[in-house]
Every structure is written in structure tokens, then in C-alpha cells.
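**Student:** Input: one structure, supplied below.
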Amino acid sequence: VVGVAQDITKEEALRLEQNQIATELTQLIATANAPIFGTDIYGNINEWNNKTEELTGFKKEDVLGKKLVPNYVGKDYQKEVETVLNNALNNKETANYTLPLAKKDGSQIILLINASTRRNTLGDVIGVVGVAQDITKEEALRLEQNQIATELTQLIATANAPIFGT
């Protein structure tokens, strides 16, 4: 028997370090305190972190592989969201886009999202990743303020007494 060996201690240490970094980054995405979700180039969900689960009520295992837009975006917004996703697939990233996303209970949350192109290690486009912020409460407050302003404007316009300002 003849044996030929090569010392790969350094290469093995590097491989282990790379695996550790990959595991840490995966964990970072999963446990981030911001909704993070992604789609492949066909619009199928391939990332859905813990915060997205918490906010929507949909478990990751239940959404993976399903189309994002027809299943989780209201009909009034689907065309616009498709455009944002297609733009990201073509290197036109969108920042601070308001995205209404369905919740399991039938209601929706409002997310302020940054849609970015997702690439593999070779640089090929493989999908879109969205990092978001839940602005549901802020959006409800803004709508309420707009309604109050409209009502006050209407009250002034239809008052039974002269109102003027200087």
C-alpha cells in the first residue's frame, strides 16, 4: 500500500470559518428585529424571517414556495408590487416603498420596504430581498389626521357664520 497525503489543515480551518460566517448570517436574518422576506426570480417566497412570521401570523414553512404577490398582496396593489419586484430583478432597487401585506387573520399590515436585488456568489440575479419596517400604526395615525383635517376644512367651508383669516 502506498499512501500520498497532503496537509489541508489551513484549507479545512478556512472552510470551517466560512461555514461559521454563513451560519451566523443566516441566524442574523432569521432573528432580526425587522421583517425580512425574499422571492426567487419567479416571485416564489424563499425567505420569511421570524419577525415577518410574528407580524403576519403566517409560518415560514407555510409560505415558502408560494407566490408572494397573488397570495399576500391585496388586488389593488398587485400590479404596483409586481413592478417593484421586476425592477429589483433588473437592478433598479426601490427604497421606502409602502407595501400592504396580508395577515393570517384577514387584516393587513403596512410595511415600509426596501426591495433589493439578491445575487448568488457568482453575481447572478437570483431574486429579490425585502427589508422592512412595520408602519401600520403610523399609517393609521396619518389617515386619521387627514380625515380630521378634511372634516375641519369642510366645517369652515360650510359654517353658518363668516370665517376669515388674516
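**Student:** Any idea which residue in segment 1-58 is least open to solvent (accessible area, probe 1.4 Å), counting only those that are more than 16 Å from the chain's Cα centre (by Cα) and of a type in the set (Lys, Arg)?
**Tutor:** Once the filter is applied, the top-ranked residue is 15.
**Student:** Please specify each residue of segment 98-126 satisfying the condition of being over 20 Å from residue 53 (Cα atoms) and either without any contact (Cβ under 8 Å) to a residue 24 or more places away in the chain or surrounded by fewer than 16 Cβ atoms within 10 Å (Cβ to Cβ) (or both).
**Tutor:** 119, 120, 121, 122, 123, 124, 125
**Student:** Sticking with this structure for a sec: Kindly list, by first and then second residue, each pair from a residue in segment 32-61 that is within 17 Å of residue 135 (Cβ to Cβ) to a residue that is aromatic (Phe, Trp, Tyr) and buried (at least 16 other Cβ atoms within 10 Å of the Cβ), limited to pairs with Cβ atoms under 6 Å and residues at least 6 apart or on different chains.
**Tutor:** Once the first residue is within 17 Å of residue 135 (Cβ to Cβ) and sits in segment 32-61, its partners that are aromatic (Phe, Trp, Tyr) and buried (at least 16 other Cβ atoms within 10 Å of the Cβ) give 37/48; 52/37.
**Student:** Can you pull out the residues in segment 1-59 that are on the phi < 0 side of the Ramachandran plot and small (Gly, Ala, Ser)?
**Tutor:** 3, 5, 13, 22, 30, 32, 34, 38
**Student:** Also, I was wondering about something else. Looking at segment 24-51, which of its residues are polar (S, T, N, Q), out of contact with any Asp or Glu (no Cβ under 6 Å at 6 or more places or on another chain) and either farther than 13 Å from residue 99 by Cβ or part of a helix (DSSP H, G or I) (or both)?
**Tutor:** Listed by number, the residues that qualify are 26, 27, 31, 33, 44, 49, 50.
**Student:** Here's another thing I want to ask about it. Please identify the pairs in which a residue from segment 69-96 that is of a type in the set (Asp, Glu) has its Cβ atom under 8 Å from the Cβ atom of a residue that is surrounded by 15 or more Cβ atoms within 10 Å (Cβ to Cβ), counting only partners at least 6 apart or on another chain.
**Tutor:** Within 8 Å, the pairs are 82/43; 82/69; 93/87; 93/114; 93/115; 93/116; 93/117.
**Student:** Of all residues in segment 100-118 being of a type in the set (D, E, K, R) and more than 15 Å from residue 85 (Cβ to Cβ), which is nearest to the chain's Cα centre (by Cα)?
**Tutor:** 103
**Student:** A further question follows. Being acidic (Asp, Glu), modelled with pLDDT of 85 or more and open to solvent by 80 Å² or more (accessible area, probe 1.4 Å), is that true of even one residue in segment 135-154?
**Tutor:** No, the conditions are met nowhere in segment 135-154.
The values are calculated or read from the model by the stated rules, or taken from the named source; none is laboratory data. Predicted, not measured: the structure shown is a model, and the values here were computed from it. Every residue, glycine among them, receives a Cβ derived from its backbone with ideal geometry; neighbour counts consider all protein chains shown. Please note that ligands, DNA and RNA were not included when accessible areas were found on the heavy atoms of the full protein model with its side chains. Shrake-Rupley method; radii C 1.70, N 1.55, O 1.52, S 1.80 Å.
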